[in-house]
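**Student:** Before I ask anything, here is the structure I am working with.
Each value in this text was obtained by applying a stated rule to the coordinates, not by laboratory testing. In this text the structure is predicted, and so the values were computed from the model without any measurement. Positions of Cβ are backbone-derived with ideal geometry, glycine not excepted, and every protein chain shown enters the neighbour counts.
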Amino acid sequence: MSLDTGTVAARLAKGMADGVLSFPLTSFRADGSLDPDGYRDYVAAQLATGPGALFPACGTGEFFSLDEDEYRRVVTIAVQEAAGRTPVVAGVGYGWAQAVRFARIAEDAGADALLVLPHYLVAAPQDGLVAQLEEIAARTRLPLIAYQRGQVAFGAEAFRRVTRIPGVIGLKDGHSDLDRLQRLTLAAPEGFLFFNGAATAEIQARAYAAVGVPAYSSAVHAFAPEIADAFFAALRDGDEATAATLLRGFYLPLVELRDRVPGYAVSLVKAAARLRGRPVGPVRAPLTDPSAADLAALKTLLATGLDLVGAAL
């Protein structure tokens, strides 16, 4: 591990311990074009809440719908707004050749590290999952965090090989298979980073913490950092009463609403940000914005969550 890679890993470890991880939305105009000014304002507001790290152009940021020029602008703005105060981890993905193209853009933009999103379409054997990361790592100077979700799921032996790839510093888990995850944490060297990347990660945060993975990403932080930070503080401080109140009164109903329509894990988050007055605009196809009925339910739920946080303070 190089000195720079070790420094990035240490900064991320501290950030994960101190706060939730922010996965900012990407701002689009009504016609679907990128809105760089709106995005800059939105990212600045996210950073003002003190997240542990900033992950632009990832799943919540609709990486899959960005072209290379848009990606460059999104990552550049995130780096400029972070100004070295908060680690910036940019998403890359598809096959390794395309992931490397995005990695080089992120390098030029000044990102600190890369989150390698699950590869496109095909299932792959364990050797191929390892090779995908080896190919990317060999072609970028930035440290990598692997993301297992969808068709990417590491076994313990393959994961040992992953942890030995120079520059690979962590794993984001989106499977919520805690037996598998525990095996991976036991197979990893000391200091390897893990964090919970399940959809609406707060629902499973206590279970992840029980297997040694307390850090998590928070989609709720993208639209209601007050709620996300209150829940994080409750977990950190052992305030089970507040955590349970927020889970029952806000997070569980949010998950039930999210599960109504495929893609709501992103489009509901974006709609909620718009309800808060954030300049994020609509989602891009193939995602769709929430129906009027679901938007009304979301508005009511958001008000409930903010009231619960206000009552707990």
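**Student:** Per-residue counts of other Cβ atoms within 10 Å, averaged by peptide: what ranking do you get for 170-177, 299-306, 92-99, highest first?
**Tutor:** 170-177, 92-99, 299-306
**Student:** Let me ask something else. Starting from the Kirkwood Rh over alpha-carbon pairs, what translational D in µm² s⁻¹ does segment 134-198 have by Stokes-Einstein at 20 °C and 1.002 mPa s?
**Tutor:** It comes out at roughly 179 µm²/s.
**Student:** Which lysines have a Cα lying under 19 Å from the Cα of residue 172, excluding residues fewer than 8 positions away in the same chain?
**Tutor:** 14
**Student:** Can you give the three extents of the C-alpha atoms in segment 122-251 along their principal axes, from longest to shortest, in whole Å?
**Tutor:** 45, 29, 28
**Student:** Given the DSSP H assignment, sum -39500 (n - 2.57) over each helix run of at least 4 residues in the chain and divide by its residue total; what's the result at 222 nm in deg cm²/dmol, nearest 500?
**Tutor:** Taken over the chain, the calculation gives -15000 deg cm²/dmol.
**Student:** Among 122, 61, 178, whose Cα lies farthest out toward the positive end of the dipole of the chain, if unit charges sit on the beta carbon of Lys, Arg (+1) and Asp, Glu (-1)?
**Tutor:** With unit charges placed on the Cβ atoms, the residue in question is 122.
**Student:** Further question on the same structure: Under 19 Å between alpha carbons, and skipping anything fewer than 8 positions from residue 270 in its own chain: which lysines qualify?
**Tutor:** The qualifying lysines are 299.
**Student:** Across segment 208-313, how large is the tail of the calculated P(r) beyond 23 Å, expressed as a percent of all Cα pairs? Kindly include the intermediate steps, with their values, before the conclusion.
**Tutor:** Working: 1557 of 5565 pairs.
In whole percent, the long-distance tail amounts to 28.
**Student:** Here's something else I'd like to know. Counting other beta carbons within 10 Å of each residue's own, what order do 27, 217 fall into, fewest first?
**Tutor:** Details: 27 25, 217 30.
In increasing order of surrounding Cβ atoms, one gets 27, 217.
**Student:** Would you be so kind as to identify which of 230, 136, 42 lies farthest towards the positive end of the dipole of the chain, taking Lys and Arg as +1 and Asp and Glu as -1 on Cβ and the Cα centre as origin?
**Tutor:** 136
**Student:** Could I have the simple spin-label model distance between residue 239 and residue 29, label points 7 Å from Cα toward Cβ, reported in nm to one decimal?
**Tutor:** In this crude label model, residue 239 to residue 29 measures out at 4.3 nm.
**Student:** Find, among the trypsin sites (Lys or Arg not before Pro) in segment 99-165, those assigned to loop by DSSP (not H, G, I, E, B) with at most 12 other beta-carbon atoms within 10 angstrom.
**Tutor:** 141, 164
**Student:** Please get the size of the charge dipole for the chain, origin at its Cα centre, with Cβ charges of +1 on Lys and Arg and -1 on Asp and Glu, quoted in debye to the nearest 20.
**Tutor:** Its charge dipole is roughly 180 debye.
**Student:** In debye to the nearest 20, how big a dipole does segment 39-79 give about its Cα centre with +1 on each Lys and Arg Cβ and -1 on each Asp and Glu Cβ? All intermediate terms of the calculation are to be shown ahead of the outcome.
**Tutor:** Values: 3 positive and 6 negative charges, 43 e Å.
For this selection, approximately 200 debye.
**Student:** Another question, if that's okay. How much length, in nm to one decimal, is gained on full extension between residue 151 and residue 292, taken as 0.36 nm per residue of separation minus their Cα-Cα distance?
**Tutor:** 47.4 nm
**Student:** Further, regarding this structure: Run the quick spin-label model on residue 304 and residue 256: label points 7 Å from Cα toward the beta carbon, then report their separation in nm to one decimal.
**Tutor:** 0.7 nm
**Student:** I've got another one for you. Assigning unit charges at the beta carbon (Lys, Arg +1; Asp, Glu -1) and nothing else, what dipole magnitude in debye, to the nearest 20, does segment 241-313 show about its Cα centre?
**Tutor:** Numbers: 9 positive and 5 negative charges, 48 e Å.
Magnitude of the dipole: close to 220 debye.
**Student:** Using just the Cα positions, wrap the chain in a convex hull and report its mean projected area in square nanometres, one decimal place.
**Tutor:** 14.5 nm²
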